[in-house]
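These notes are about the structure you will find just below.
What follows is calculated from the coordinates using simple rules that are stated; it is not laboratory data. Quick caveat, the model's predicted, so the values are computed rather than measured. Neighbour counts run over all protein chains shown; Cβ positions are idealised from the backbone, glycine included.
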Amino acid sequence: MNNIYGSTREELENYFLTNDEKKFKALQVFEWLYQKKEKNIDHFTNLKKELREKMKLNFSFSMPKIIRIEKDTLTRKYLFELEDKNYIESVIMFHDYGISICVSSQVGCNMGCRFCESGRLKKVRNLETYEIVSQLLLIEDDLKMRISSVVIMGIGEPLDNYENIIKFIKIINDAKGLAIGIRHITLSTSGLVPKIYDLMQEELGINLAISLHAPNDEIRNQIMKVNEVYNISQLLDSVRDYIAHTNRRVTIEYVMLKGINDNKTCAIELAEKLKGMNIYVNLIPYNETNHLEFKKSDVKTISEFCKTLKELSINVTIRKEFGSKISAACGQLRSKEVGL
Ligand code: SAH
Ligand code: SF4
């Protein structure tokens with residue numbers, strides 16, 4: 001059975017049309033679900049009882065459950081139990097411009113990046129669209145506040161769950177859905193090149209972030225298994241094509257790992273590779289995890305790396321650190337529910 005929170009407006013329109021109903025019913029349903037946030041279909045008063053009964057047979061209205069919330073000053077981490085008793089996490093951050101959420105896309109992750117906690121559990125399954133949408137809905141309910149931006153950077157490789165992620169983006173961006181501005185949605189990928197081309201064709205207008213993390217294949221092979229399949233030159237070619245096609249600036253993420261990718265030679269080599277591209281580099285201070293072989297670079301090393309890139313005309317920022325006290329920072333989320 002389809003879950004109502006996993007249906008795009010277009011899919012609902014088709015549902016109503018094939019059931020001899022008017023297409024605009026889809027719009028009414030979206031208003032109930034996402035604007036009035038009504039959970040009980042019996043309260044959808046502008047739909048006839050007969051139609052509501054039919055919809056109950058055709059759609060599930062169920063959602064995951066929030067089972068734990070951890071709070072830090074500017075961050076909260078939510079643990080969700082899915083209906084099949086798998087677990088995922090989402091994190092929200094309070095900024096001066098609003099609230100952002102980092103959503104998970106899979107239970108576990110198969111990409112096997114050596115420094116990342118989220119990949120410790122191999123992928124169990126993709127999240128269904130409704131399970132990704134629910135992360136926003138349930139957290140907005142909990143906060144009684146609106147979320148204004150979304151990053152798909154939690155557990156999982158979003159482009160390895162392609163169809164569901166595209167539907168998720170369409171639902172949350174829909175003006176009658178959660179109406180999250182398309183420029184306020186960012187997808188981060190470890191670099192599944194064919195899917196980057198697919199994404200380019202969708203012409204969605206979202207922000208794309210690429211987890212590059214190394215200036216050459218030798219280093220990237222050591223830390224990211226995906227590089228053995230799509231190397232840096234293939235990846236950067238796809239990014240160049242993506243930029244040319246979409247006219248959008250792409251973010252290059254670079255996690256600073258002490259003694260591995262953080263010296264001046266690395267910065268120079270990175271600048272060389274990215275020269276002339278419409279990108280900016282986001283340096284991510286590493287959040288230490290149980291992968292004890294990786295340590296965070298010193299603050300001074302990070303600022304020198306940043307300075308070198310700037311001198312070589314690369315746009316660069318250093319990511320503000322959030323949530324490491326409650327293990328809510330990038331790469332610290334997991335699918336295993338711990339210590340409950
Ligand atoms: N799977 C996608 C999105 C989720 S990971 C991807 O890899 O892009 C989000 C970002 O956090 C990625 O750039 C990832 O490399 C980075 N990351 C993973 N572990 C980290 C850690 N321990 N500290 C800081 N960043 C980390
Ligand atoms: Fe998966 Fe991203 Fe972690 Fe790599 S960094 S293991 S792709 S979640």
note = Phi-derived 3J(HN,Hα) across the range 120-133 with the Karplus relation (6.51, -1.76, 1.60, θ = phi - 60°), rounded Hz, x for Gly and Pro, is 4, 8, 4, 4, 8, 6, 6, 7, 6, 3, 5, 6, 7, 4
ask   = So which cysteines in the chain don't have a second cysteine's C-beta under 4.7 Å from them?
value = Cys102, Cys109, Cys266, Cys306, Cys330
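Would you work out the charge dipole size for the range 120-257 about its Cα centre, treating the Cβ of every Lys and Arg as +1 and the Cβ of every Asp and Glu as -1, and quote it to the nearest 20 debye?
Computed about the Cα centre, the dipole is about 220 debye.
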ask   = In degrees between 0 and 90, to the nearest 10, how far off the longest principal axis of the chain does helix 299-311 point, with axes built from Cα atoms?
value = 90
query = To the nearest 10 degrees, how steeply does helix 9-18 sit against the main Cα axis of the chain, on a 0 to 90 scale?
reply = 30
request  = Enumerate the amide H contacts of Ser188 below 5 Å, restricted to partners 5 or more residues apart or on another chain; note that Pro and chain-start residues carry no placed amide H.
outcome  = Ile152, Ala209
task = Check cross-link reach from Lys122 to the lysines: straight Cα distance under 21 Å, and skip same-chain residues fewer than eight apart.
result = Lys85, Lys195, Lys225, Lys336
note = Using the Cα gyration tensor of the range 2-60, the equivalent ellipsoid's semi-axes, largest first and to the nearest Å, work out to 15, 13, 11
remark   = Those trypsin sites (Lys or Arg not before Pro) from the range 264-323 that are DSSP loop and have at most 16 other Cβ neighbours within 10 Å turn out to be Lys275, Lys295, Arg319, Lys320
query = Can you give me the Cα centroid spacing of the range 73-138 and the range 175-191 in angstrom?
reply = 15
task = Could you name the aspartates and glutamates whose alpha carbon sits less than 15 Å from that of Lys300, not counting residues in the same chain fewer than 8 places away?
result = Asp262
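Work out, in µm²/s and without decimals, the Stokes-Einstein translational diffusion coefficient of the chain at 4 °C, 1.567 mPa s, Rh from Kirkwood over C-alpha pairs.
The calculation lands on 62 µm²/s.
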ask   = When DSSP beta bridges are limited to those with both residues in the chain, what percentage is antiparallel, rounded to the nearest 5?
value = 45
ask   = Once both axes come from the Cα atoms, what is the angle between helix 264-274 and the longest principal axis of the chain, in degrees from 0 to 90, rounded to 10?
value = 50
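Nearest 20 debye, what's the magnitude of the dipole of the chain about its Cα centre given +1 on Lys and Arg Cβ and -1 on Asp and Glu Cβ? Display every interim value, and only then the final one.
Details: 49 positive and 46 negative charges, 129 e Å.
For this selection, approximately 620 debye.
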ask   = Can you tell which of Ile88, Phe115, Gln35 lies farthest toward the positive end of the dipole of the chain, using +1 and -1 charges on the Cβ of basic and acidic side chains (Lys, Arg; Asp, Glu)?
value = Gln35
request  = List every residue whose amide H lies under 5 Å from the amide H of Cys113, counting only residues 5 or more places away in sequence or on a different chain, with H placed 1.01 Å from N in the peptide plane.
outcome  = Lys225
message = Using a 10 Å cut-off around each Cβ, can you sort Thr129, Thr265 from fewest to most neighbouring Cβ atoms?
response = Thr265, Thr129
task = Apply the Karplus parameterisation 6.51 cos²θ - 1.76 cosθ + 1.60, with θ equal to phi minus 60°, to every residue of the range 230-239 and state each ³J(HN,Hα) to the nearest whole Hz, in sequence, with x for glycine and proline.
result = 10, 7, 4, 5, 5, 5, 5, 4, 5, 5
message = About the Cα centre, and with charges only on the beta carbon of Lys, Arg (+1) and Asp, Glu (-1), how big is the dipole of the range 2-60? Nearest 20 debye, please.
response = 180
inquiry  = Please report the spacing between the Cα centers of the range 251-330 and the range 1-57 in Å, no decimals.
reply    = 46
